[in-house]
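Novice: This is the structure I have questions about; it appears just below.
Derivation of every value follows stated rules applied to the coordinates shown; laboratory data play no part. For clarity, every value in this text was computed on a predicted model and none was experimentally measured. Note that we place each Cβ from the backbone using ideal geometry, even for glycine, and neighbour counts take in every protein chain shown.
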Amino acid sequence: MPAVRPSAAAYRHVMGLRVVRCFRPDPIPPEEMEAVLEAGRWTGSSKNRQGWAFVVVDDREGLERLSTAGSFTGPVLASVATVVLVRLPGGNDFDIGRAAQNMMLAAAARGLGSCPITLHHRERAQEVLAVPEDHEATWAIALGYPDEEAEVEQRRRAAAAGFTGRRPLAEMVHRGRFGNAGA
């Protein structure tokens with residue numbers, strides 16, 4: 001059976017995903033947020049554990065409190081909603097990352113921008129979100145409609161600071177063992 005190749009449109013969608021840090025104040029309609037959350041729910045997981053839960057924070061006071069749980073949470077403050085991915089007991093980081101990427105791709109497909117966030121102050125995140133002690137709230141996704149003008153300026157500043165492009169594939173692919181070059 002020949003390999004199934006993703007459509008060119010799907011490939012461009014994955015390759016075109018960009019982090020958005022500047023959002024318009026427009027609210028996200030409930031059906032759009034539900035579609036993003038469904039994409040997370042349908043993510044595959046190790047042994048089908050589905051070791052996650054999602055906390056949606058979409059009120060200004062809640063976003064301000066949540067922003068105190070991390071070191072680089074400007075996008076949380078700029079967002080109209082942030083989804084915190086909570087790792088349940090028995091869950092794992094790899095599956096949380098997969099769910100986050102699915103949600104970010106679903107958001108982009110619906111015209112929403114997203115930015116992954118690390119909540120560095122775990123105890124503070126647990127307190128703000130009332131997350132049980134045996135659960136972990138370390139990762140979040142800031143969401144909203146992109147502010148295109150502000151994003152252009154943000155990307156210009158990032159480029160001026162040297163944050164541009166992707167490393168060549170040949171620099172990151174190793175064959176058989178680390179150190180053997182080849183893409």
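Novice: Using θ = phi - 60° and the Karplus curve 6.51 cos²θ - 1.76 cosθ + 1.60, what whole-Hz ³J(HN,Hα) does each residue of the range 13-20 get, with Gly and Pro shown as x?
Specialist: These are the phi-based 3J(HN,Hα) values: 4, 5, 5, x, 4, 10, 6, 10 Hz.
Novice: A further question follows. Compute the convex hull volume of the Cα atoms of the range 25-144, divide it by the residue count, and report the result per residue in Å³ as a whole number.
Specialist: With only Cα atoms used, the range 25-144 gives 85 Å³ per residue.
Novice: Which residues' amide hydrogens lie under 5 Å from the amide hydrogen of Trp52, considering only partners 5 or more residues apart or on another chain, with H built in the peptide plane?
Specialist: Result for Trp52 returns Leu88.
Novice: Continuing with the same structure: Count charges around Thr68 for me, please; just the other residues with Cβ under 12 Å from its Cβ, Lys/Arg as +1, Asp/Glu as -1.
Specialist: Local net charge: -2.
Novice: If you don't mind, another one. Please build a GNM for the chain, connecting alpha carbons under 10 Å apart, and tell me which residue among Pro146, Pro168, Pro75 fluctuates the most.
Specialist: In this elastic network of the chain, the residue with the biggest mean-square fluctuation among Pro146, Pro168, Pro75 is Pro168.
Novice: If you don't mind, another one. Per residue Cα convex hull volume for the range 93-167, in cubic angstrom?
Specialist: Measuring per residue, one finds 142 Å³ for the Cα hull of the range 93-167.
Novice: Let me ask another. Quick one: putting +1 on the C-beta of Lys and Arg, -1 on the C-beta of Asp and Glu, what dipole do you get for the chain around its Cα centre, in Debye to the nearest 20?
Specialist: 1120 debye
Novice: If you don't mind, there's one more thing I want to ask. Can you list residues whose amide H is under 5 Å from Gly113's amide H, if they're 5+ apart or on another chain and H is modeled 1.01 Å from N?
Specialist: Those qualifying (amide H under 5 Å, at least 5 residues apart or on another chain) are Gly144, Tyr145.
Novice: So, one more: What FRET efficiency would be calculated for the residue pair Tyr11, Met172, taking the C-beta separation as r and a Förster radius of 22 Å, to the nearest 0.05?
Specialist: The value I calculate is 0.70.
Novice: Next question. Might you report the magnitude of the Cβ-based charge dipole of the range 85-183 about its Cα centre, with Lys and Arg at +1 and Asp and Glu at -1, to the nearest 20 debye?
Specialist: For this selection, approximately 600 debye.
Novice: Of the GluC sites (Glu not before Pro) in the range 107-183, which ones lie in a loop per DSSP and count no more than 12 other C-beta atoms within 10 Å?
Specialist: Filter output for the range 107-183: Glu133.
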